[in-house]
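See structure below.
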Amino acid sequence: MDALLHKRRHKGAAPYPHQAAFLLNNPVRRALSNPARKVDGIGLTGSEHVLEVGPGPGFYSVQIARRLTYGRLDLFDLQPEMLDKARRQLELAGFHDVGFTTGEASDGFPYPENTFDVAFLAAVIGEVPDKSACIRSLGRVLKPGGYLVFAEAFPDPDRMSVQELRDLVESENFEFVLSTGNRWHDIVRFRRTA
């Protein structure tokens, strides 16, 4: 709880503390948030190479992996402890061919250009210190025509509105595709332009 209070006291870009991951990945939140429905909003066909940025303890990761019949999932997180928690969730669900990389999203992604078909960020971009650098780097690792998908929800203190996301992302060679949701949550999709 001290880690959560520290985050609340120190406003600004900061990751959700791994010590409080149990609050993110629990049956009550699963029932209220329905991660399967949000992952359906990504629009996966099953053969994509997906990058999930800031997966935390794997709240959405298992649902994404379930939809990738012929594809691949890679997770990227600032906190190795969160990646360990996500790895355990995925392995318990029977998914072993997943990539795990630790790093700071503001510093760029250590993948070759045009690697991914989809990048998914759930309640993450508001915690990234240099959001524009993160989006530019995502544009580098996404294939032309690839999708950048955000899931934002109340009561995340770092939640970005659809308009804030558009202002951030459209200036970095992405076009707005679709926004679905309501006052409680949004799924916002962009496509990388050539």
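The values are calculated or read from the model by the stated rules, or taken from the named source; none is laboratory data. In this text, all values refer to a predicted model and were calculated from it rather than measured experimentally. FYI the Cβ positions are ideal-geometry reconstructions off the backbone, even for glycines, and counts take in every protein chain you see. For the accessible areas, the whole protein counts, side chains as well, though only heavy atoms, and no ligand, DNA or RNA atoms are used. Shrake-Rupley method; radii C 1.70, N 1.55, O 1.52, S 1.80 Å.
Details
- Being closer than 30 Å to residue 113 by Cβ and either at pLDDT below 65 or among the charged types (D, E, K, R) (or both) holds for only one residue in 7, 38, and it is 38.
- Out of 120, 100, one residue alone is among the aromatic types (Phe, Trp, Tyr) and open to solvent by less than 10 Å² (accessible area, probe 1.4 Å). It is 120.
- Where strands (runs of 3 or more DSSP E) fall entirely within the stretch 24-123, those with at least 1 residues that are of a type in the set (Val, Ile, Thr) are at 49-53, 98-102, 116-122.
- Among residues of the stretch 74-98 that are touching a residue at least 40 places away in the same chain (Cβ under 8 Å), those with a beta-carbon under 8 Å from a residue that is open to solvent by less than 70 Å² (accessible area, probe 1.4 Å) and among the acidic types (Asp, Glu) at least six positions away or on a different chain give the pairs 74/52; 78/104.
- Every pair of residues 6+ apart whose Cβ atoms lie under 6 Å, when the first sits in the stretch 145-163 and is touching a residue at least 24 places away in the same chain (Cβ under 8 Å) while the second is surrounded by 15 or more Cβ atoms within 10 Å (Cβ to Cβ) and part of a loop (DSSP other than H, G, I, E, B): 149/42; 152/159; 152/160; 156/123
- When the stretch 124-149 is filtered for residues that are touching a Gly at 6+ places or on another chain (Cβ under 9 Å), more than 23 Å from residue 43 (Cα to Cα) and either open to solvent by less than 50 Å² (accessible area, probe 1.4 Å) or not in a loop (DSSP other than H, G, I, E, B) (or both), the ones remaining, listed by number, are 127, 128, 133.
- Lone unmet requirement of (1) open to solvent by 30 Å² or more (accessible area, probe 1.4 Å); (2) assigned to a strand (DSSP E or B); (3) farther than 16 Å from residue 38 by Cβ for residue 190: (1)
- Top-ranked residue of the stretch 164-187 - restricted to ones that are without any contact (Cβ under 8 Å) to a residue 40 or more places away in the chain and open to solvent by less than 40 Å² (accessible area, probe 1.4 Å), ranked as nearest to residue 76 (Cα to Cα): 169
- Test: residue 47 is within 23 Å of residue 127 (Cα to Cα) and modelled with pLDDT of 65 or more: no
- Note on the stretch 150-163: residues that are in a strand (DSSP E or B) and surrounded by fewer than 17 Cβ atoms within 10 Å (Cβ to Cβ) amount to 1.
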